[in-house]
1. Kindly establish whether E324 is modelled with pLDDT under 85, acidic (D, E) and farther than 20 Å from H88 by Cβ.
2. Taking A207, is it part of a loop (DSSP other than H, G, I, E, B) and of a type in the set (A, V, I, L, M, F, W, C)?
3. Collect the residues in region 118-137 that are part of a loop (DSSP other than H, G, I, E, B) and within 25 Å of F213 (Cβ to Cβ), keeping them in residue-number order.
4. From the list I218, I202, I196, I248, pick out the single residue that is at pLDDT 95 or above and more than 24 Å from Q260 (Cα to Cα).
5. Determine which member of the set M141, M226 is within 30 Å of Y279 (Cβ to Cβ), out of contact with any helix residue (DSSP H, G or I) (no Cβ under 6 Å at 6 or more places or on another chain) and not aromatic (F, W, Y).
6. Given the criteria at pLDDT 95 or above, crowded, with 18+ Cβ neighbours inside 10 Å, touching an Asp or Glu at 6+ places or on another chain (Cβ under 7 Å) and in a helix (DSSP H, G or I), does A144 qualify?
7. So which residues in region 102-155 are β-branched (V, I, T) and either in contact with a Pro (Cβ under 9 Å, 6 or more places away or on another chain) or touching a residue at least 60 places away in the same chain (Cβ under 8 Å) (or both), if there are any at all?
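The values are calculated or read from the model by the stated rules, or taken from the named source; none is laboratory data. Source: prediction; values computed, not measured. Note: ideal-geometry Cβ built from the backbone for every residue, glycine included; neighbour counts use all protein chains shown.
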Amino acid sequence: MNTKVKIINNALMLAAGLMFVAGCGYNNARDDAPAAEAAKRATGSADAKYSLEIGGTSRRLGISLRTGAEWTIDPAIQRIVSEALARHADTNDTGRGFAAVVSVGDGAVLAMADCGVGDESERPFALMRTFEPGHLLSPLMVAAAFDADIAKPDTELFTNALEGFYQQFKLPSDAGYVFESSLSVSNGLIYSSNIILSKLGILVGPATVHSVFDRFGICHMTAAGMLPEHPGRLRPPEKWAKNEWARIPIGQGVTVNLMQIVRAYAILANHGRSVDLRYVKGASAASSESAEQIVSRKAADGVCSILEGAVSAADLKGVDVSEEEMRNDLARCLVKPMPTGRRAAVAGVRVAGKTSTSLRRKEDSWKYETDRYVASFAGFFPADNPSFVVAVCFETRRQEGLPYLHFGGGRPAMAFAEIVKEMSFGHNRAQTKGK
């Protein structure tokens, strides 16, 4: 694990209405003196309290920055993200959504927005609201498999969940979808096959899966004590039950915050090299020479290539899909499976990314809701030379007549596409209009 993504001493948290969440579940993070010194340089004893606009409103943060310090948040990008969240939030549910944009080159957090109901002490949702990431973690596990030469993109695995050796692991189903008798690892990731990716996770093994998640910063703090943050929960591999061997590799039984996902995808987009998130301008960013190689460049680039295939530019209709197309999309037998992230496609921009749809847990319970989900999409652009990572997450519920909206390929993918489109073309339009 790159030392620069570990938690610093929580004494650096300057309260005034914000609580540092400690002891919430299993926390991999550890103290790091160099990181602590860097954070001390970025903070100060000035009396001024800085605010950050989240979800269209300016919230006062109980943090003192050194004189002249500024948030890395870009107001224009923050506005784009906030407006996209508001347009796609599920008003039939909590209306809660959260998203972030990060620069791959230097880890600067350019936007961190949220919307919907919630206690102010929970905000920002991107740091404080944890969820099961589902298939957002699958690309990290696939990268580990490539790195260890356990599988290649064209390695075929059977889609039979009851196949001999694997029965002991109680594989999850493919949620009613029936694929061909076998799928390659690439297609398993593109079409979000629980069975294929669970089998691959079992072959990789709990120790390696846990190790790669740990090195990508899963359940490690991102904000270095400058903002309240919930670390999430990832149990050590020796405590995994047999069925968890099949589920944790696909992000079930793990909880994360959204900024940890953003950082992990930035590492993939950065050819497998570590990326430290920066929330304050002037905070030192790691040089390319000092960056740690989390997974090999070949493994990271291989996964990124697959994730570009998970977003198809052939379908740019978004919510304007026909009733027949929706029926085919959810058909129990998919002769030609469609990429789950196709609604994230943007004409003229090469995009890569991954969807996830996870059932929400009931409040104060380990049981799941039956019709309420956390739908998410994380990706980067341009895919051939990534500059930005964008991640979007909504709490939503299944709706009759609109079967795809509660999927990661529904609301989150469409909001992602809007953000990418506006970031790619909106600035040029504004400049042209001003002339």
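1. Numbers: modelled with pLDDT under 85: yes; acidic (D, E): yes; farther than 20 Å from H88 by Cβ: yes.
Yes.
2. On the way: part of a loop (DSSP other than H, G, I, E, B): no; of a type in the set (A, V, I, L, M, F, W, C): yes.
In short, no.
3. Going residue by residue through region 118-137, those that are part of a loop (DSSP other than H, G, I, E, B) are 118-119, 123-124, 129-130, 132-133, 137.
Across region 118-137, the qualifying residues are P124, R129, T130, E132, P133, L137.
4. Working: I218 fails: more than 24 Å from Q260 (Cα to Cα); I202 fails: more than 24 Å from Q260 (Cα to Cα); I248 fails: more than 24 Å from Q260 (Cα to Cα).
One residue alone meets the criteria, I196.
5. On the way: M141 fails: out of contact with any helix residue (DSSP H, G or I) (no Cβ under 6 Å at 6 or more places or on another chain).
None of the other options fit; the residue is M226.
6. On the way: at pLDDT 95 or above: yes; crowded, with 18+ Cβ neighbours inside 10 Å: yes; touching an Asp or Glu at 6+ places or on another chain (Cβ under 7 Å): no; in a helix (DSSP H, G or I): yes.
Spelling it out, it is not the case that A144 is at pLDDT 95 or above, crowded, with 18+ Cβ neighbours inside 10 Å, touching an Asp or Glu at 6+ places or on another chain (Cβ under 7 Å) and in a helix (DSSP H, G or I).
7. Initially, region 102-155 is screened for residues β-branched (V, I, T), giving 102, 104, 109, 117, 130, 142, 150, 155.
Answer for region 102-155, where residues must be β-branched (V, I, T) and either in contact with a Pro (Cβ under 9 Å, 6 or more places away or on another chain) or touching a residue at least 60 places away in the same chain (Cβ under 8 Å) (or both): V102, V104, V109, T130, V142.
A quick yes/no check of all residues on (1) in contact with a His (Cβ under 6 Å, 6 or more places away or on another chain); (2) surrounded by fewer than 19 Cβ atoms within 10 Å (Cβ to Cβ); (3) not in a loop (DSSP other than H, G, I, E, B):
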| site | (1), (2), (3) |
| --- | --- |
| F98 | no, no, yes |
| A113 | no, no, yes |
| P139 | no, no, yes |
| D149 | no, yes, no |
| P153 | no, yes, no |
| A161 | no, yes, no |
| F165 | no, yes, yes |
| L171 | no, no, no |
